[in-house]
1. Within the P(r) computed for region 39-168, what percentage of the Cα pairs occupies the region above 26 Å?
2. Within 10 Å of each residue's Cβ, count the other Cβ atoms and sort 105, 152 from fewest upward.
3. Arrange the peptides 51-61, 20-30, 141-151, 66-76 so that the one whose residues have, on average, the most other Cβ atoms within 10 Å appears first.
Amino acid sequence: MRGEVRLDPAPLPLLWRIQIMRHRKAHRKFSLPSDQRRALLKGLTRSVLLYDRIVTTETRAKEVRPIVEKLVTMARKGGVDAPVEMRLHTRRMVRRYVDSNIDEFVRVPGGPKGGAKIARNPYYVVPRLFEVIAPRYMDRNGGYMRITKVGFRRGDGAPLVLLEFVEGKEPDKVAEPEIPQTTSGRRGLFGLGRRHK
């Protein structure tokens with residue numbers, strides 16, 4: 001009957017009473033606070049865009065793949081054929097997620113009179129996304145990433161996977177500038193030695 005309260009002498013098992021459905025909770029939390037979780041995903045995304053492949057845990061890879069694929073799709077829409085406003089807008093949108101705190105240009109030694117010259121930062125991934133990665137997939141509608149199982153991590157047995165870009169059409173090679181590594185200012189191995197005058 002409607003509105004009738006049934007008094008059952010045997011209570012329901014505890015499992016049935018505390019189980020809550022996860023409606024509208026789509027993403028994994030990784031047992032991290034939200035700022036650390038965002039930083040983790042941002043770092044993994046940058047690594048994928050910088051090196052084209054990374055080895056990470058399966059759950060992290062499943063969480064990073066849609067982010068990278070959306071960024072590649074955005075870069076495809078803002079390619080060289082797009083109007084200037086669209087190119088600028090898509091670069092700003094990508095930079096908002098990926099490289100908001102990394103400078104595009106850095107000072108490197110080797111300028112005139114022993115000074116420094118300005119060069120593009122090799123760790124700034126926005127130009128690489130727009131000039132190298134997105135042109136590969138201009139003829140492909142989604143599905144730019146592949147997850148391949150590679151084994152288990154030795155310490156805790158977590159399943160490891162290889163997250164990589166699928167083969168795309170290779171555009172003309174763009175020479176990436178080489179930045180010489182400087183050792184001036186270091187004191188011994190790892191900067192721990194005594195300073196000599």
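FYI, it's all coordinate maths here, none of it is from the lab. Keep in mind it's a predicted model, so treat the numbers as computed, not measured. Cβ atoms come from the backbone with ideal geometry, glycine included; neighbour counts cover every protein chain shown.
1. Above the 26 Å cut-off, region 39-168 has 31 percent of its Cα pairs.
2. Working: 105 10, 152 13.
Lowest count first: 105, 152.
3. Packing order, densest peptide first, comes out as 66-76, 51-61, 141-151, 20-30.
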